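K.L.:
Below: one structure in structure tokens.
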Amino acid sequence: MSKLQIFVILFFYGLLFSCSRNAEEPKGDCGLPPADRTTMFRLDSFPQKWKLVETYGGMIAGRQSTKGDSMHVQEYYLFNTDSTFFRSRTELGGNVVEMRGTFKVDRGYFNLIYSEPLGFFQCSQDSLNEMLEIVSSAELRNSGCVPLDGLGFIYRRIQ
């Protein structure tokens, strides 16, 4: 048997046994799969206020996370009992952008629908929709721009 044949056999053998069919569904900080995280957010637990606490880099090597007053924006979301939300974003220079819309909590995400197009750059061409991943009962994450070398955003529940 040639070295190439042995290599091919070992390669396929490694693939066969390295892939697990019983792989667990990834879990967030709260230890629940994404579909079960939704149960943490019953509609009777609103209003909720979430503040931006950290931005983190995309795929550029060496880009680091930024926290607190060092971030280029300060913002928060306020989710109300009637499934509406308010978002306030203060940019460098003091420009304040306020947005409103409706939301739905589904399969581990806050699905936001804005009443008007966002007043700032968004990675998606759909400027009326946004998704925030429910990482835990105290953390939301918006990482939609990270694959496009943009920033990710981490929010902490403060109310």
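The values are calculated or read from the model by the stated rules, or taken from the named source; none is laboratory data. It should be emphasised that the depicted structure is a prediction, and the values quoted were computed from it without experimental measurement. So basically every Cβ, Gly included, is an ideal-geometry build from the backbone, and we count neighbours across all protein chains shown. The protein model used for the area step is the full one, side chains on, heavy atoms only, and it has no ligands, DNA or RNA in it. Shrake-Rupley method; radii C 1.70, N 1.55, O 1.52, S 1.80 Å.
K.L.:
Keeping all protein chains in place and using 1.4 angstrom, which order do Glu75, Glu98 fall into by accessible surface area, from largest down?
P.N.:
Glu98, Glu75
K.L.:
Another one. Test of understanding: what is the full-extension gain from Ser70 to Arg157, defined as 0.36 nm times their sequence separation minus their Cα-Cα distance?
P.N.:
Extra length available between Ser70 and Arg157 comes to 29.4 nm.
K.L.:
Another one. If I take R0 = 25 Å and measure r between the Cβ atoms of Asn80 and Ser127 in this structure, what FRET efficiency does the formula 1/(1 + (r/R0)^6) give, to the nearest 0.05?
P.N.:
0.70
K.L.:
In addition: What ranking, highest mean first, results for peptides 87-96, 106-115 when packing means the other Cβ atoms within 10 Å averaged over each residue?
P.N.:
For the peptides 87-96, 106-115, the packing ranking is 106-115, 87-96.
K.L.:
Further question on the same structure: Could you tally the net charge around Gly94, taking each other residue with its Cβ under 14 Å from the Cβ of Gly94, Lys/Arg +1 and Asp/Glu -1?
P.N.:
-3
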